[in-house]
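Below is one structure, written out as structure tokens; the observations come after it.
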Amino acid sequence: MSNRNPAISKGVDWSLVWLWLILCCIGIMSIFAATYRETDSILQGFISLKTDYSRQLLYFVMGGIVGTFILLTDSKFFTATANLGYAFGIFLLLLVFPFHSRVKGTESIIRFGTAFQLQPADLCKLFVNLALAKYLSRIETDFYKLRSQLIAAAITLIPAVLSIMQKETGLALVYFSFFIVMFREGLPAAILIIGFSFGVLVVATLLVEKNTLALVLTGIAALAVYIMRRQVKRNRGILFLIVGVWFVCVGVQRFVVPFVFDHVFQPYQVKRIYDAIGKDYVPKNEVAEEQIEQKKSSSQDNNYNVKQSKIAIGSGRVLGKGLLKGTQTRYDFVPEQRTDFIFCTIGEGFGFVGSSVFLCIYLVLLLRIVAVAERQRSVFSRCYAYGVASVFFFHIVINVCMTIGLAPVIGIPLPFVSYGGTSLLTFTIMLFVLIRLDADRQMVLR
């Protein structure tokens, strides 16, 4: 009887549970520090469900209940329903188009009354992770073949494309973190190098005048031909390859980047990217200029959030001002300080030391997840674990860099800390599914 109904604690990695609990508590505390007003009753504020920190506490309790049910679930359930879950996630993303509500420039949210809203682009990360792990763990999948790599990329990129169509570019970029999982499972390093080089080319396109960059690319191609002149004499295919790469790079610089920035990104998003690299953005038409002016009217300056966030973090100095004593965050100088810019609340309140300790907690979480991933006996569990680590890593790095001005403002939350029910529950479910899979790692390989 005991074998059929094992104790919930059997095999559970409690270090991950404790890290989840600590981060959720830090999140509730930070939201409280950013939104509490002296005229409010603390007790009434936490039980009223009318304040952000009381609602976050409710989401935390809901996450704990859902996490408990996950720990009581047979781990085979997740492998059996992975593809069905992916189909459900795509269905939710498609459901956004006829039933979305426009919130702060995004069209990716479905509202249910006035108290609850769902962002499928955020929730779908869980389903993509499960589906990708299921595909990579199939016996028939030979990931060293191009066909398998393309299918895996399609599983990841379809939700990303739908998210972009819903003007949720930030969350769409998160899906690219799953390529780290593919790299762990055999994706050639050359593909990652090409992806990184593409990013460098995009930045260079924005920083360097187009004709000058074209000449630089031509010079690099000529230098490559000169260095490899002996190989080129023996094999003319190398010459054609170099010329082809040069042609693609110039094409990306001349046509692809301008098209994406003019027709895919919103004008205010392009403005944020230009601000991040220290350049001025000139709108291409009156519509773009009008949209940017609308953004400016709500925040005085398109880069206002980042400026105020950096002031808040810097004002914390070494030890911080203390809980509820920050001036920048307590008096709403930093917009979105309870969501995307929650890190500045921690920086101002607890200073460099507190921020460092906070980031170390995240580092311990990531290292622990990687350690858990490497001890798995099944490919499914290992791939899923690396997917969790990749998503968390992307969110943490981009969000923190965003608040200190090292990355464009793309609006992605800090795991377990930023305000938001969909975000907190999604991250919680992802982590507890990993804990459940790890608890059953001694089972027969799946």
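General remarks:
- A run of the chain free of exposed loop cleavage sites, with GluC sites (Glu not before Pro) counted only in DSSP states other than H, G, I, E and B and at most 10 other beta carbons within 10 Å, reaches its longest extent at 210-446.
- Using only side-chain charges placed at the Cβ, +1 for Lys and Arg and -1 for Asp and Glu, the dipole size of region 90-237 relative to its Cα centre rounds to 600 debye.
- Quarter of Cα convex hull surface for region 309-425, i.e. mean projection, nm²: 7.6 nm²
- Additional length obtainable on full extension of the chain from Phe91 to Ser197, 0.36 nm per residue less Cα span: 34.7 nm
- Highest-fluctuation residue, Ile158, Ile412, Ile65 considered, GNM on the chain with Cα pairs under 10 Å: Ile65
- Under the convention that each Lys and Arg Cβ holds +1 and each Asp and Glu Cβ holds -1, the size of the dipole of the chain around its Cα centre is about 1240 debye.
- Cα gyration tensor category, rounded, prolate or oblate, for region 128-218 with a/c compared to 1.5: oblate
- With helices as the sole contributors, the chain gives -21500 deg cm²/dmol at 222 nm; each DSSP H run of n ≥ 4 counts as -39500 (n - 2.57), and the sum is divided by every residue.
- Taking the average, over residues, of other Cβ atoms within 10 Å as the packing measure, peptides 231-241, 213-223, 378-388 rank 378-388, 213-223, 231-241 from highest down.
- Charge-dipole axis of the chain as Lys and Arg at +1 and Asp and Glu at -1 on Cβ define it, positive-most pick from Gln117, Phe99, Met228: Met228
- Highest GNM mean-square fluctuation among Gly186, Gly27, Gly89, for the chain modelled with Cα contacts below 10 Å: Gly186.
- Mean separation of Cα pairs under 8 Å and 6 or more residues apart, divided by the residue count, gives the chain a relative contact order of 24 percent.
- Summed over all non-identical Cα pairs, the Kirkwood treatment of the chain gives a radius of 23.9 Å.
- Point-to-point label distance, Leu324-Leu84, nm (Cα→Cβ direction, 7 Å offset): 4.9 nm
- Placing unit charges on the Cβ atoms of the charged side chains and taking the dipole of the chain about its Cα centre, the candidate lying farthest along the positive direction among Ile238, Ile155, Leu130 is Ile238.
- Spatial separation of Cα centroids for region 340-357 and region 122-198, in angstrom: 32 Å
- Gyration tensor (alpha-carbon) shape descriptor, region 44-96, a/c threshold 1.5: oblate
- Top of Phe352, Phe91, Phe196 by mean-square fluctuation, Gaussian network on the chain, Cα under 10 Å: Phe196
- Exposure proxy ranking for Tyr226, Tyr362, Tyr274, based on other Cβ atoms within 10 angstrom of each Cβ and starting from the fewest, stands as Tyr226, Tyr274, Tyr362.
- Cα-centre dipole for region 333-386 with unit charges at Cβ (Lys and Arg positive, Asp and Glu negative), debye to 20: 440 debye
No lab work stands behind these numbers, since they all come straight from the coordinates. Note that the structure is predicted; figures quoted are calculated from it, not measured. FYI the Cβ positions are ideal-geometry reconstructions off the backbone, even for glycines, and counts take in every protein chain you see.
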